[in-house]
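Here the structure is laid out as structure tokens; the discussion comes afterwards.
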Amino acid sequence: MSPKKWWHFLFLFILVGTLVFSALTALAISLVYPSLPTLEALTNYRPKLPLRVYSTEGELIGEFGEERRAFVKIEDVPKHMKDAVLAIEDRRFYQHNGIDTTGVLRAIKNNLTGKSHEGASTITMQVAKNFFSKPDAKRDMLIKIKEALLAIKIEKTLSKNQILELYLNQIYLGQRSYGFAAASQVYFAKPLKELNLAEAALLAGLPKAPSGYNPYLHEKRSIERQHEVLRDMNRYGFITKNEYDEAI
């Protein structure tokens with residue numbers, strides 16, 4: 001086959017592949033989208049808070065419940081905490097519509113070339129998973145398609161800050177703690193607003209593997225992950241080199 005014919009064949013192959021993929025995507029959307037759940041659990045979010053007992057002086061005596069939770073409004077989350085999460089989890093959060101196509105292509109390329117094994121889940125997709133998927137559900141392709149479509153539906157209904165607020169309050173971070181406000185008390189015994197940059201980076205690294213990066217159980221691994229978060233914050237312009245050096 002001559003080079004000219006080979007390029008012609010390659011062009012047709014890519015064109016047909018694109019058309020087939022587009023048709024299958026449209027079919028999946030038409031079949032799955034109508035069956036997606038309503039977003040009432042998100043629009044009327046009411047986290048199950050534990051029972052807290054205080055002394056007459058207002059000091060916390062005990063906390064009872066299977067889950068440790070403490071709701072925090074998005075405007076009360078420190079900027080460096082939000083930036084740490086965005087840098088390591090979804091730095092294009094405010095640009096995409098729920099699905100980060102750039103991240104998907106990057107993940108495919110890196111996985112195929114063996115550079116790294118990574119996913120392309122956005123914060124919105126994680127919100128969809130955390131609220132609507134059963135923890136023990138089989139992670140098949142249909143589930144992933146539903147979560148992706150649900151992420152798009154969420155983006156059409158809620159603002160970016162509302163979505164980020166849900167994520168910051170609902171994500172599991174180990175030690176029975178859900179959300180960054182609760183995790184701040186569990187790991188550092190202080191309110192979220194008092195965390196410094198290094199502490200915020202450590203918490204931001206937990207969602208990927210709450211047990212694997214638990215500083216109580218795996219201190220060295222936790223610090224390595226913390227440094228990874230700080231490197232990404234510096235690399236993508238969330239912090240300066242001086243701030244990075246001080247936090248390290």
Figure the gain on full extension for Lys48 and Lys193 (residue separation times 0.36 nm, minus the Cα-Cα span) and round it to one decimal in nm.
50.0 nm
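At 0.36 nm per residue, and after removing the present C-alpha to C-alpha distance, how many nm does the segment from Ile223 to Asn161 gain when stretched out fully? Write out the running numbers ahead of the final one.
Values: separation 62, 0.36 × 62 = 22.32 nm, distance 2.87 nm.
Extending this stretch completely gives an extra 19.4 nm.
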Sequence-distant residues sharing a close amide H with Ser177 (under 5 Å, placed H)
Arg68
Subset of Lys160/Lys241; Lys82/Lys160; Lys79/Lys156; Lys48/Lys79 violating a 22 Å alpha-carbon distance limit:
Lys160/Lys241; Lys79/Lys156; Lys48/Lys79
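For region 71-247, what relative contact order do you get, as a whole percent, if you take Cα pairs closer than 8 Å and at least 6 residues apart?
Values: 204 pairs, mean separation 44.9, N = 177.
Value for region 71-247: 25 percent.
By count of other Cβ within 10 Å, fewest leading, how are Glu165, Glu75 ordered?
Working: Glu165 23, Glu75 7.
In increasing order of surrounding Cβ atoms, one gets Glu75, Glu165.
Coordinate-derived values only; no laboratory data. Since we're looking at a predicted model, the values are computed, not measured. We place every Cβ from the backbone using ideal geometry, glycine too, and count neighbours over all the protein chains shown.
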